[in-house]
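A.B. asks: Next up is a structure, given as structure tokens.
Only the coordinates and a few stated rules stand behind these numbers; no lab work does. Because the structure is a prediction, the values reported are computed rather than measured. With ideal geometry, Cβ positions are generated from the backbone for all residues, glycine too; neighbour counts draw on all protein chains shown.
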Number of protein chains: 2
Amino acid sequence: MKLFAFTISLALIPLTSIAAEAPKSPNKSPSEVLEQSTPNEWHTINPDNLLINTLSDGTQFIVYLNDFMPQVHTANIKNLANSRWFDKAKIVRVQDNYVVQWGREEGTEIPNSVIKQPPAEYEFTAQKYRFKPLKYRDAYAAQVGFVNSWAVAGDGKNIWLPHCYSMVGVGRDMAPDVGTGQELYVVIGHSPRHLDRNITTVGRIIDGMENLSARKRGSGQMGFYENDAEKIAFKSSILASQLPENERPKYEIIDTNSKSFDAYINARANRGGPFFIKPAGAVDICNSLPPIRKAK
Amino acid sequence: MKLFAFTISLALIPLTSIAAEAPKSPNKSPSEVLEQSTPNEWHTINPDNLLINTLSDGTQFIVYLNDFMPQVHTANIKNLANSRWFDKAKIVRVQDNYVVQWGREEGTEIPNSVIKQPPAEYEFTAQKYRFKPLKYRDAYAAQVGFVNSWAVAGDGKNIWLPHCYSMVGVGRDMAPDVGTGQELYVVIGHSPRHLDRNITTVGRIIDGMENLSARKRGSGQMGFYENDAEKIAFKSSILASQLPENERPKYEIIDTNSKSFDAYINARANRGGPFFIKPAGAVDICNSLPPIRKAK
């Protein structure tokens, strides 16, 4: 059966796909839409919101912090980074279909001067923000959409940052504790949206997800590593703004109010091309995170 | 700050949780509900539907095949297993937030006698099945629910097996190809529901997911491994029914028509306990897969 050779190389065309090899289709693919976007539909991510984490094995992951919704938590995390608190962090937990978590070893004190006790920044008054709806429904929230190139969920009164794959949150103890930002986690499985409005989400990993998601799962309860030797040490964790300008990684994010973003969402909801037979006609918020690209 | 010690050990209480350590709560946790279920609310999984895959590193993953919806594909996969076709399979693709794919090397011929050319088993006439609705909405389908302990999505006329984390599908070439079952994939990220009704889903990995999801991501296009040395060889792939009875792994799945399953879904939609502040009031279908446990 000759088919098999093709099956290996072409099966399951994904999002960012092999458009160049595929026959013409009446619909543009999501990646074709992005290729045809204009430079003014993207904006550069502020280097003061990029936390560059380098692990002891040399791999990196980069957190894009949201500095305009969970403002106190984000400021704390920046202060912790600037005092090089996270340089001695370790990955302590990898739970399959759930989260990877990192922080300093148990019992490490942080200087009181470095962070401010944060409030529960779980949700935010919607009217403060320019909300652009995603026109498809959500299983969890009354509405979903975008604010300033961040995916958000809302109930008409408040909005919040949903627990999608790659979103970063602040570990906390039992309620009413809200955490401090000294321990963070990222979602690595099907989005656990039941955590929404119960924990502060502060950012999104925009590069290097695979350096966390492919880690060995912890054998302890909740995926914690049981042996110290399994924990992955950090080499450094620093804001891009603290690096010399020519050493900073640079990223752009699409403007969610742009025409190309509308076309991108439409292309994701209504897949065309030679692979798809029945477009879904919808896309959920966690499959709609605004695209990010490296800037030159 | 003493808090930190607790944050490490208790942050982010997950599904199957530390209920024993937690204070009493008015709501039962999902795991408490399952602990209090009765034996007659579970049924043993037929060993003829359990495909036991052992990799060259000794790890295993077990696929529970659905033999009553995609019947031709499932029969093909069983025939391939019984002819030991998959014993020489390799994991050839690991794409972050998407799929792990395995199959035989390009160009390997399969005997025509082993499999029957399958139809497109993408969706099925709903009225043939006893459908039990999940009472919460879905971002993709008009309705979601359960048939015989399988999560399904539907449009009122047809039902199908949705692409949730851990669901297994049949790799295929461009339409109208439907694949043969000789190459399979499993979802390892946020559920790519846009694949629903475009590919045949045939089963669900019920044990050993972490032996696939934690693999090194492929550096090639679509996550294919570029070097043969990176591919992970199988040692064997055999149906549990082909093993001597005392060597078979045994699993039970909850009856989705049982009271305990209703209570379990309710507990997942309305999380109680000392951690949660604001229950979601809903749960999506991919966070509602029927629980499975090892049988004695």
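A.B. asks: What is the fewest-to-most order of A:Arg193, B:Arg84 by other Cβ atoms lying within 10 Å of their Cβ?
C.D. replies: Ascending Cβ contact count within 10 Å gives the list B:Arg84, A:Arg193.
A.B. asks: Follow-up. Taking other Cβ within 10 Å of each residue's Cβ, how do A:Thr180, B:Thr125 sort, fewest first? Numbers along the way, then the final one.
C.D. replies: Numbers: A:Thr180 24, B:Thr125 9.
Least crowded to most crowded, the residues run B:Thr125, A:Thr180.
A.B. asks: Hey, what does the equivalent ellipsoid look like for region B:168-214, semi-axes from the Cα gyration tensor as sqrt of 5 times each eigenvalue, largest first, whole Å? Don't jump to the answer; show the numbers that get you there.
C.D. replies: Details: eigenvalues 83, 31, 15 Å².
Calculated on Cα positions only, the semi-axes equal 20, 12, 9 Å.
A.B. asks: Another question about this same structure. Using Cα positions and a limit of under 14 Å, work out the aspartates and glutamates in reach of A:Lys28, with same-chain residues fewer than 8 apart set aside.
C.D. replies: Within the straight-line limit of under 14 Å, A:Lys28 reaches these aspartates and glutamates: A:Asp262.
A.B. asks: Same structure again: Would you list A:Asp96, B:Asp284 from fewest to most Cβ contacts within 10 Å?
C.D. replies: Placing the least packed residue first, the sequence is A:Asp96, B:Asp284.
A.B. asks: Now, a different point. Under a point spin-label approximation (7 Å from Cα along Cα-to-Cβ), what is the B:His43-B:Lys235 distance to one decimal in nm?
C.D. replies: 3.3 nm
A.B. asks: For B:Asn266 and B:Lys128, compute 0.36 nm times the residue count separating them, minus their Cα-Cα distance, and round to one decimal in nm.
C.D. replies: Contour length minus the Cα-Cα distance gives 47.0 nm.
A.B. asks: So what are the three principal axis dimensions of region A:42-153 from its Cα atoms, in whole Å, longest to shortest?
C.D. replies: 44, 34, 30
A.B. asks: GluC sites (Glu not before Pro) within region A:66-112: which are DSSP loop residues with at most 10 other Cβ atoms inside 10 Å? It would help to have the intermediate numbers written out before the result.
C.D. replies: On the way: sites: A:Glu105, A:Glu106, A:Glu109; in loops: A:Glu105, A:Glu106, A:Glu109.
Those satisfying the criteria are A:Glu109.
A.B. asks: Still on this model: Considering every residue in A:274-282, what mean count of other chain Cβ atoms within 10 Å of its Cβ is obtained?
C.D. replies: 6
A.B. asks: At each listed q (0.06, 0.07, 0.08 Å⁻¹), what is the log10 of I(q)/I(0) that the Debye formula gives for the protein assembly as shown modelled as equal alpha-carbon point scatterers?
C.D. replies: -0.30, -0.41, -0.54
A.B. asks: Oh, and also: Relative contact order, percent, of chain A when contacts are C-alpha pairs under 8 Å separated by at least 6 residues? It would help to have the intermediate numbers written out before the result.
C.D. replies: Numbers: 590 pairs, mean separation 86.0, N = 296.
Worked out over chain A, it gives 29 percent.
A.B. asks: Separate question: Cross-link candidates for B:Lys296: which aspartates and glutamates have Cα within less than 17 Å, leaving aside residues fewer than 8 places away along the same chain?
C.D. replies: Counting by Cα, and skipping residues close in sequence, B:Lys296 has these aspartates and glutamates nearby: B:Glu35, B:Glu41, B:Asp207, B:Glu245, B:Glu247, B:Glu252.
A.B. asks: Same structure again: Below 17 Å, Cα to Cα, which aspartates and glutamates can A:Lys231 reach? Residues fewer than 8 away in the same chain don't count.
C.D. replies: A:Asp57, A:Asp87, A:Asp96, A:Glu105, A:Glu106, A:Glu183, A:Glu210
A.B. asks: So, one more: Could you tell me the number of lysine pairs in region B:86-157 with C-alpha atoms less than 22 Å from each other, where the two lysines are 8 or more residues apart or belong to different chains?
C.D. replies: Close lysine pairs found across region B:86-157: 4.
A.B. asks: 7 Å from Cα along Cα→Cβ at both B:Gln71 and A:Met174: what's the point-to-point distance in nm?
C.D. replies: 5.3 nm
A.B. asks: Given that compact globular proteins tend to follow 2.2 N^0.38 Å, what is the ratio of the alpha-carbon Rg of region B:74-127 to that value?
C.D. replies: Values: Rg = 14.0 Å, N = 54, 2.2 N^0.38 = 10.0 Å.
Ratio of Rg to 2.2 N^0.38 Å for region B:74-127: 1.40.
A.B. asks: How big is chain A by Rg and Dmax over its Cα atoms, in Å?
C.D. replies: 20.1, 69
A.B. asks: What's the average, rounded to a whole number, of partner chain beta-carbon atoms within 10 Å of each residue's beta-carbon in A:198-207? Each step should come with its number before you reach the end.
C.D. replies: Numbers: counts 9, 5, 0, 0, 0, 0, 0, 0, 0, 0.
Mean partner-chain Cβ count within 10 Å for A:198-207: 1.
A.B. asks: What gaps in nm, shortest first, separate B:Asp228 from its twins in the other copies when you place the label 7 Å past Cα toward the beta carbon?
C.D. replies: Here B:Asp228 shows inter-copy label distances of 4.4 nm.
A.B. asks: Considering chain B as a Gaussian network with a 10 Å cut-off on Cα pairs, which listed residue, B:Lys250, B:Lys278, B:Lys216, attains the greatest mean-square fluctuation?
C.D. replies: Highest fluctuation of the listed residues: B:Lys278.
A.B. asks: If the label for A:Asn158 sits 7 angstrom from Cα along the Cα-to-Cβ line, what are its distances to the same label in every other copy, in nm to one decimal, shortest first?
C.D. replies: 4.1
A.B. asks: Taking the Cα-to-Cβ direction at A:Ala295 and at B:Lys278 and moving 7 Å from each Cα, how far apart do the two end points lie in nm?
C.D. replies: 3.2 nm
A.B. asks: Computed FRET efficiency, Cβ-Cβ of B:Gln117 and B:Asn82, R0 25 Å: what is it to the nearest 0.05?
C.D. replies: Plugging the Cβ-Cβ distance into 1/(1 + (r/R0)^6) gives 0.85.
A.B. asks: Something else: Shielding by partners for B:103-113, please: the mean number of other protein chain Cβ atoms within 10 Å of each residue's Cβ.
C.D. replies: Mean partner shielding for this stretch: 3.
A.B. asks: Additional query: Kindly state, to the nearest 0.05, the FRET efficiency for A:Glu35 paired with B:Asn246, given R0 = 51 Å and r defined as their beta-carbon distance.
C.D. replies: 0.30
A.B. asks: Another question, if that's okay. Amide H of B:Gly203: which non-local residues (sequence gap of 5 or more, or other chain) have their own amide H closer than 5 Å, using H built in the peptide plane?
C.D. replies: So B:Gly203 has HN proximity to B:Asn66, B:Val168.
A.B. asks: From the P(r) of region B:101-161, can you give the percent of Cα pairs sitting at distances over 17 Å?
C.D. replies: More than 17 Å apart: 54 percent of the Cα pairs in region B:101-161.
A.B. asks: Tell me the distances, shortest first, between A:Ile277 and the same position across the other copies, using label points 7 Å along Cα→Cβ, in nm to one decimal.
C.D. replies: Ordered by increasing distance: 4.8 nm.
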